[in-house]
Amino acid sequence: MSSPKHDIAIIGAGPGGSSAAYFLAKQGFNVLLLDKAEFPRHKTCGDGLTPRALDILSEMGLLEDVHREGFRIDGIHLFAPRQQHLHMSIPQKENLPNYLLTIPRFKLDQIIFERAIQAGAAFQGKTNIHNIEKTTQGIFISGKHNQQNIEFEARMGIIATGANLKLLKNTKILTKQPPMIMAARQYLDGVSGLSRNVAAYFDGIPLPGYGWVFPISDTIANIGVGYWPHGIARHWKPKNAHQVFNHFVAQETVREMLKNAVALEPVKGFPIRMDFPTAPTFGQGCLLVGEAAGLVNPLTGEGIDFALESGRLAAEHIQGMFERGGFLSEDFVSYNAFLRRHFQRLFVMLARIRKLYINPLLISRFIESAQNIPDLQLMLANIILGHEDAAAGVSPKTIRQVLLGK
């Protein structure tokens, strides 16, 4: 077998793969970025960018670009089943922006992708990778491009294939089906009552889960639903996210907003992985980033910020591997430890918050208490945005505030 032709091959050119490609190419590495699609391409998502995501995009020199294409969001509305309503401003946290942006993934992914190419990464689209094998010289990648068999060699790889599990299962990196959030969304124009706020509704939705209205302009919104069909509740929860979506938009409040709206596309369903605490993060000479490693917020279902962050972290770790001149199993194990230090506690605590509060017994009580306790409200906003140690959300003090309302 000939010597590897690339330093790093990255499978998947979404935010995680493209951010890793950018940070690696910027350091002078020979990077090959592969994707099953050509760009630009559509991607089904909630389209929200948190301050954490904006911080990484700023580091990549892209903040002006996403501002030009995005829609600024200054607050979060939460609607409980018993009509309680909570409005939270986006809190200022150190040097992070005190706002969100919404931007369709069609535009966002193209912006990040182009930045990676500008930094020097090579790209090949319409490429379906079927298998990756670790070799004595690195990795051997095989698949199809335009129905023709293709092969690549590299010193190592990054897998950034999102919720698509086929490659992870083919390579035996993933040996069992992970839990998935079921979601569906649709773009509609002519939506009334939109503001500079995103809204989450816990009424008319299987809990844990929520419906959302995310404005992407003054009249257009990304409207969708996401719910967790796991545990014993899976036996009676809907199996089809389209069914949940149809029920959500039929709710009186949402129906009124949409009475003059026009759908810009059909409803699109999509699964979301959120199993990082138990997910594999490496295998077959590759590191995993973003949703391929289960890095989706288990409270909100948001994953763009973690994709961008893990892409940068993977690039940082790979740079160290090349500087040491070794690609030992310990280098891959240490990447897993590296990610765990950054995200494990956060993800475990966010999952506990979801289980404790996002249920028919406590969700209304939680929102009602947050209305009356400013510190609780601020803590909730910071946890949602990843600004604060999520353990505070399940502390005895917080539980007491929620239950007693004071």
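Throughout, read-outs are computed from the coordinates displayed, never taken from laboratory work. Computed from a predicted model, the values in this text were never measured in an experiment. Because the Cβ atoms are built from the backbone with ideal geometry, glycine has one as well, and the counts that use them run over all protein chains shown.
What the table below lists for this structure:
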{"read-out": "Chain lengthening between Gln319 and Thr253 when straightened (0.36 nm per residue, less Cα-Cα)", "value": "18.6 nm"}
{"read-out": "Cα centroid of segment 4-56 to Cα centroid of segment 103-181, whole Å", "value": "10"}
{"read-out": "Dipole of the chain [Lys/Arg +1, Asp/Glu -1 at C-beta], most positive-end residue of Val267, Ala307, Ala351", "value": "Ala351"}
{"read-out": "Gain upon complete extension [Gln147, Gln92; 0.36 nm per residue less C-alpha separation]", "value": "14.8 nm"}
{"read-out": "Per-residue HN-Hα couplings for segment 239-251 [Karplus 6.51, -1.76, 1.60; θ = phi - 60°; Hz; x = Gly/Pro]", "value": "8, 10, 5, 4, 5, 5, 4, 4, 5, 5, 6, 8, 4"}
{"read-out": "Charge dipole magnitude, Cβ of K and R +1, D and E -1 - the chain, Cα centre, debye nearest 20", "value": "1220"}
{"read-out": "Where Cα atoms sit under 28 Å apart: lysine pairs in segment 84-231 separated by 8 or more or lying on different chains", "value": "20"}
{"read-out": "Surface/4 of the Cα convex hull for segment 180-273, nm²", "value": "5.7"}
{"read-out": "For segment 371-385, 3J(HN,Hα) per residue [Karplus equation, 6.51 cos²θ - 1.76 cosθ + 1.60, θ = phi - 60°, Hz, x = Gly/Pro]", "value": "4, 9, 10, x, 5, 5, 5, 5, 4, 4, 4, 5, 5, 4, 8"}
{"read-out": "Cβ-Cβ FRET estimate between Ala392 and Ala337, R0 fixed at 30 Å, reported to 0.05", "value": "0.75"}
